[in-house]
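Everything below concerns the one structure shown next.
Derivation of every value follows stated rules applied to the coordinates shown; laboratory data play no part. Everything numeric in this text was worked out from a predicted model, so none of it was measured. Glycine gets a Cβ as well: all are built from the backbone with ideal geometry, and neighbour counts include every protein chain shown.
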């Protein structure tokens, strides 16, 4: 029988830098995943093999009319199972990047409430192989007296099915923005995604870029820049990040009178109908599901253009409402 991920009864407010983590077992170790990615937990079901499927994929399962790939995390990481009785295993059904998938684990433990500042970022390890566990860990959660690796399910899925978009050059859009003049801040804890976003923006003309591995670093730079009378023209941020997540970063930007006019684009695998409400609540200007990297440039153009229109109308004595009406027209 399926178990609802929110059975913990925990209610989270948007932008508080808090999240729920589901702990699960692989071999002798416990790992964590953000509950925002988890749709349900089910017992193992019938699996249908597919031709040319990746070694870590067990096949396809059927779930209420949908067909999902079933991935064995043991196979992916080459971890020996300690519990061999398949009836005791669990399947974590996830949804991210607008797709559903399923991951086989030995069992689930409990859902805990935590803060992103309890997660220490993983150092970038030179020579780490793509399939190694260290390369797929986004951070280490300090939970009471335990250290829990947080697995990067999106990266695992992308490596198996090659779904991550590569960098691309985007030409001039309808907004006619002079891209080299404008400052763009990027916040994402994935080094590869940061590089892809930056390369796409840079080759498209946004050459004044600064990238950060988490929201705390980005917010600190914004505050330091304000002392010099500077601020970014747009912020592109992931949601899940150690120390400070993208929702808390957005809330900080939008609640400060000095920065509330900075456009914020949430670029995350967590963008869904349910999670969009959280982004709207903290004031995000746009929410884009990964891996649509090329779309980031168009949205940066759109919101920089809008911010310039607002500034011009206000400088001429108009109101923000008039600026928004002008932009909508």
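Remark: the residue 67-residue 99 segment gains 10.4 nm on full extension, using 0.36 nm per residue and subtracting the alpha carbon distance. Neighbour counts of C-beta atoms inside 10 Å place 58, 249, 147 in the sequence 147, 58, 249, starting with the fewest.
Where both bridge residues fall in the chain, DSSP classifies roughly 65% of the beta bridges as antiparallel.
Computed on the chain, with alpha-carbon pairs under 8 angstrom and 6+ residues apart, the relative contact order is 16 percent. Each DSSP beta bridge with both residues in segment 66-116 is either parallel or antiparallel, and the antiparallel ones are about 70%. Of 66, 255, 268, the residue with the greatest mean-square motion in the GNM of the chain, using alpha carbon springs below 10 Å, is 66. Please build a GNM for the chain, connecting alpha carbons under 10 Å apart, and tell me which residue among 286, 98, 154 fluctuates the most. Evaluated over the chain, the most mobile residue of the options is 98.
Taking the helices alone, the chain has a mean residue ellipticity at 222 nm of -8500 deg cm²/dmol, built from -39,500 (n - 2.57) per DSSP H run of at least 4 residues and averaged over all its residues. If you plug the beta carbon distance of residue 45 and residue 174 into 1/(1 + (r/R0)^6) with R0 = 41 Å, you get a FRET efficiency near 0.25.
Under the shape rule built on the C-alpha gyration tensor, where the axes satisfy a ≥ b ≥ c, the chain is prolate, since a/c reaches at least 1.5 and a/b is greater than b/c.
Exposure proxy check: 155, 62 ranked by fewest other beta carbons within 10 Å?
Working: 155 19, 62 12.
Fewest to most other Cβ atoms nearby, the residues stand as 62, 155.
Build a GNM of the chain with springs between Cα atoms under 10 Å apart, and of 289, 114, 99 the one that fluctuates most is 99. Mind checking the angle between helix 191-203 and the chain's longest principal axis? C-alpha axes, 0 to 90 degrees, to the nearest 10. Between the helix axis and the principal axis of the chain, the angle is about 30 degrees.
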